[in-house]
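Enquirer: Let me begin by handing over the structure; questions about it come next.
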Amino acid sequence: MIFKILADDKQTKARCGELLLGHHRIPTPVFMPVGTQGTVKTLTPQQLKETHTKIILCNAYHLCLRPGAGIIRQLGGIHTFMGWDGAIITDSGGYQVFSLSGLTRVSDNGVEFQSPIDGARLFLTPEKMMQIQNDIGADVIMPFDECVPYPCEKDRAGVAVQRTVAWADRCLNAHKNKRQTLFGIVQGSVFRELRAECARSLVEMNFEGYSIGGLSVGEGSLLMNEVLDYTVDYLPRDRPRYLMGVGFPLDILNAVERGIDMFDCVIPTRNGRNGCAFTSTGKVKILNSQYKDDAAPLDQSCECYTCRNFSRAYLRHLFLTKEILGPTLLSLHNIFFFQQLMQQIRESIGRGEFKDFKVDFLSKQSD
């Protein structure tokens, strides 16, 4: 992996750059649609390409349960398996351990959990998760980490930080496929001392990039921004910074302003499947009766396939009749919108006008 910073904003910590992963050239800041099970829901790889998506996120935890990392390796690796020739990043499942906490038991050695598919008891260690991700074959992989909920007592968050650091070291030692880039993950809830401790320990291990995990779990935007303000300062300038699981356009803009380079979130596709479109003037909830005879596209300023070809009235009809095409078209539009937003962010940083762009973009949002 090679990471180049091409421009810095003079008024904020925002920067734009380029991430080179083998033959993949990815401009940053970058948004990565989520393809948990080896697919971005409702969309084909060709449709994803048409949104200018360069990299997507899959989840090693889910893929190891079904179909199994061995099957993916046997069939040529995750890119071949899902027919995607762009870049892929895999999350290790630390967040799933947190979100499925009723089914899991965490110890220093690893995580025992009950499969949500067939109820079988399984045990994952950092070493096993590295083997799984090496077999899956993504371009960027994550170490096993422990994500805690919000609110969380400091002592409990401190234990999770110690475990995350120890597991990161074990993952480094177990990582066998050097063609894959391994990031570290900074945990620590909303406690500055714990974030600093975790970041410093990971930086000493010299990871190629650094993720910030454990945010967007209920702490709210103000606290998230506060954590980002100081956490970024503990990370090396010449490595990419990845904020996991975020987010809405406002959250992305706030995080870019604080020096974040990479984002992933289910927001565009989840909202699209539920009839909510992001537009240059705010959200459009397509099931609202005001759109029943609306001949306008979702967004007059958008050039995506959906906006070039279909009216709001037709899209509303698809959702009312529960046609699968409706969620597909809104998801396609939303990802295109997010990728267009990232392009505009990069251009504004290059011009030295990011702060003005942010103010202007938000002023046009109706909600």
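Enquirer: Going by Cα centres, segment 1-58 and segment 213-292 are how many Å apart?
Expert: Using only Cα atoms to place each centre, the spacing works out to 14 Å.
Enquirer: Also: Select one label from [x] 293; [y] 154; [z] 136: the one whose number is volume of the Cα convex hull per residue in Å³ as derived from the coordinates shown.
Expert: Among [x] 293; [y] 154; [z] 136, the one calculated here is [z].
Enquirer: So which helices of the chain fit the span-like rule, where a helix is a whole DSSP H run, its Cα atoms reach 30 Å or more along the axis, and its mean Kyte-Doolittle is at least -0.5?
Expert: 325-351
Enquirer: At 222 nm, what helix-only mean residue ellipticity would the chain give, in deg cm²/dmol to the nearest 500, using -39500 (n - 2.57) for each DSSP H run of four or more?
Expert: -12500 deg cm²/dmol
Enquirer: Take every DSSP beta bridge whose two residues both sit in segment 46-184, then give the antiparallel share in percent to the nearest 5.
Expert: In segment 46-184, approximately 45 percent of DSSP beta bridges are antiparallel ones.
Enquirer: For segment 131-225, build the charge dipole from Cβ charges (+1 Lys, Arg; -1 Asp, Glu) around the Cα centre, then report which of 212, 140, 159 sits farthest towards its positive end.
Expert: Positive-end residue among those listed: 140.
Enquirer: Could you give the size of the charge dipole of the chain about its Cα centre, using +1 on the Cβ of each K and R and -1 on the Cβ of each D and E, expressed in debye and rounded to the nearest 20?
Expert: Computed about the Cα centre, the dipole is about 600 debye.
Enquirer: Given the Cα-Cα distance of residue 24 and residue 103 and 0.36 nm per residue of separation, how much length would full extension add, in nm?
Expert: Length difference between fully extended and current span is 24.7 nm.
Enquirer: Sticking with this structure for a sec: Toward the positive end of the charge dipole of the chain, about the Cα centre and with charges on Cβ (Lys, Arg +1; Asp, Glu -1), which of 31, 196, 334 goes farthest?
Expert: 334
Enquirer: Using only alpha carbon pairs under 8 Å that are at least six residues apart, calculate the relative contact order of segment 1-67 and give it in whole percent.
Expert: It comes to 25 percent, rounded to a whole number.
Enquirer: Hey, quick one: spin label on residue 360, modelled 7 Å out along Cα-Cβ, who in segment 238-267 has an amide N within reach, i.e. under 20 Å?
Expert: Taking a point 7 Å out along Cα→Cβ of residue 360, the residues of segment 238-267 whose backbone N falls under 20 Å are 249-258.
Enquirer: Out of the total accessible area of segment 262-335 (probe 1.4 Å, heavy atoms of protein only), what percent is carbon and sulfur?
Expert: The nonpolar share, carbon plus sulfur, comes to 48 percent.
Enquirer: Next question. Stretch residue 127-residue 8 to full length: gain in nm at 0.36 nm per residue minus the Cα-Cα span?
Expert: Gain in length upon complete extension: 39.1 nm.
Enquirer: What size of dipole, in debye to the nearest 20, comes out for segment 166-227 about its Cα centre when the only charges are +1 on Lys and Arg C-beta atoms and -1 on Asp and Glu C-beta atoms?
Expert: Its charge dipole is roughly 360 debye.
Enquirer: Compute the distance in nm between two label points, each set 7 Å from the Cα along the Cα-to-Cβ direction, one at residue 309 and one at residue 288.
Expert: It is 2.6 nm.
Enquirer: Out of all DSSP beta bridges with both ends in the chain, state the antiparallel percent to the nearest 5.
Expert: Within the chain, antiparallel bridges account for around 50 percent of the total.
Enquirer: Roughly speaking, what is the stretch gain from residue 155 to residue 222, that is 0.36 nm per residue apart minus the C-alpha to C-alpha distance, in nm to one decimal?
Expert: 21.9 nm
Enquirer: Now, a different point. With loop defined by DSSP as not H, G, I, E or B, and exposure as at most 11 other Cβ atoms within 10 Å, which is the longest segment of the chain clear of exposed GluC sites (Glu not before Pro)?
Expert: Excluding the exposed sites themselves, the longest stretch runs over 1-152.
Enquirer: How large are Rg and Dmax for segment 225-367 when only the alpha carbon atoms are used, in Å?
Expert: Answer for segment 225-367, Rg first and Dmax second: 16.8, 53 Å.
Enquirer: With every protein chain kept in place and ligands, DNA and RNA left out, what is the accessible area per residue of the chain? Probe 1.4 Å, answer in Å².
Expert: 42
Enquirer: Give, as ranges by residue number, the residues of segment 44-83 whose backbone N falls under 15 Å from the point 7 Å along Cα→Cβ of residue 179.
Expert: 73-81
Enquirer: Projected onto the charge dipole of the chain (+1 at Lys/Arg Cβ, -1 at Asp/Glu Cβ, origin at the Cα centre), which of 111, 126, 287 gives the Cα projection farthest towards the positive end?
Expert: The listed residue farthest towards the positive side: 287.
Enquirer: Another question, then. Would you kindly enumerate the cysteines in the chain that have no other Cys beta-carbon under 4.7 Å from their beta-carbon?
Expert: 16, 58, 64, 147, 152, 171, 198, 265, 276, 304
Enquirer: Just flag the trypsin sites (Lys or Arg not before Pro) in segment 166-247 sitting in loop per DSSP whose Cβ has no more than 12 other Cβ atoms within 10 Å.
Expert: Counting only loop positions with at most 12 other Cβ atoms within 10 Å, the trypsin sites (Lys or Arg not before Pro) in segment 166-247 are 176, 178, 179, 237.
Enquirer: Top mean-square fluctuation among 48, 222, 332, Gaussian network model of the chain, C-alpha springs under 10 Å?
Expert: 222
Enquirer: How much accessible surface does residue 310 have with a 1.4 Å probe, in Å² rounded to 10?
Expert: 50
Enquirer: Okay, moving on. Using amide H atoms built in the peptide plane, which far-off residues or other-chain residues are under 5 Å from residue 265 H to H?
Expert: The list, which skips near neighbours in sequence, is 32, 34.
The values are calculated or read from the model by the stated rules, or taken from the named source; none is laboratory data. Worth saying up front: this structure is predicted, and the values here are computed from it rather than measured. Every residue, glycine among them, receives a Cβ derived from its backbone with ideal geometry; neighbour counts consider all protein chains shown. Ligands, DNA and RNA are excluded from the accessible area calculation, which covers all protein heavy atoms including side chains. Shrake-Rupley method; radii C 1.70, N 1.55, O 1.52, S 1.80 Å.
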